[in-house]
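Here is the structure we will look at.
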Amino acid sequence: MYRVFLDYIRQLAAAEDAAALQSALKIIAESYELPTFAYLLMPGTAKASAKLISTYPPRWTDHYLERGYERTDPIILRSVSDVRPFDWGPGIATNGDNQTKRFFNEAADFGIRCGFTIPLHDEYGFAAITFASDRWNPAFSDTTWENIHLLQFAAILFHAFARRRLGPPFLVNGAHLTPREYECLNLAAQGKSAWDISRILHISQHCAEFHLANVRAKLGVHSICQAIYHLGGLR
């Protein structure tokens, strides 16, 4: 399993887009014989859209996003309010209200009848990874719960890399900042120097200075103090 995770981390680090990220997560899913998976990254702004990386049937994922189900999906709604992994199955479809029953019946038509979901919360928002199957069986349940810590670790790693690659930009006074640029600006607003920021974020001082320079350029200001002033325009 060590080599599996080493290969997984290497592919995550090299991933530049959603397709490459999906290939990396396949390494984990296949090593544990988990049939399908989906990673949903919720938007950081009202105008942004959710990001979905999955091996679910494309017809289902297209339908899911077109209907805006990421806002009403019972699994996602539970994940938003709970940090603990959980499994779910056919009982949800029969015990919920009409909207819940309709959602799970539609998902079942595409072979998604049960799963194991790992909520992912950070200072920027929320995401979740679900490993799903077309039927509940003891092997699926045993695999997920017996390996829960490793699956959580894999999910946290995936989210960290996916957030950097796919995360919606932060809008500050009309300028779109990357998550890292916003991190640096926010820390600067707390009185941290570029050296302090480098230590906190585990990056080089040069890298911190580079991100702060990008912030100044995007905001069209000459100093980081002027950039901090515009934090009030964050959306």
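The table below gives the values:
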| quantity | calculated |
| --- | --- |
| Verdict on Gly89 being modelled with pLDDT under 90 and either within 24 Å of Tyr32 (Cβ to Cβ) or touching a Lys or Arg at 6+ places or on another chain (Cβ under 7 Å) (or both) | yes |
| Any hit, the stretch 193-205, residues being within 28 Å of Tyr8 (Cβ to Cβ), crowded, with 16+ Cβ neighbours inside 10 Å, outside the structural domain of Ala15 (by TED's automatic domain parsing) and modelled with pLDDT of 90 or more | yes |
| Complete set of residues in the stretch 56-68 that are under 12 Å from Phe110 (Cβ atoms) and out of contact with any Leu (no Cβ under 7 Å at 6 or more places or on another chain) | Tyr56, Pro57, Pro58, Arg59, Trp60, Asp62, His63, Tyr64 |
| Odd one out for Ala107, checked against (1) touching a Ser or Thr at 6+ places or on another chain (Cβ under 8 Å); (2) farther than 30 Å from Arg180 by Cβ | (1) |
| Candidates Ile75, Ile112, Ile9, Ile28 - the one that is under 15 Å from the mean Cα position of the chain (by Cα) and either part of a strand (DSSP E or B) or in contact (Cβ under 8 Å) with a residue 40 or more places away in the chain (or both) | Ile75 |
| Answer from Leu41, Leu65 - the residue that is crowded, with 17+ Cβ neighbours inside 10 Å and at pLDDT below 95 | Leu41 |
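The values are calculated or read from the model by the stated rules, or taken from the named source; none is laboratory data. Because the structure is predicted, anything quoted here is derived from the model rather than measured. Here Cβ is always computed from backbone atoms with ideal geometry, including for glycine, and neighbour counts include all displayed protein chains.
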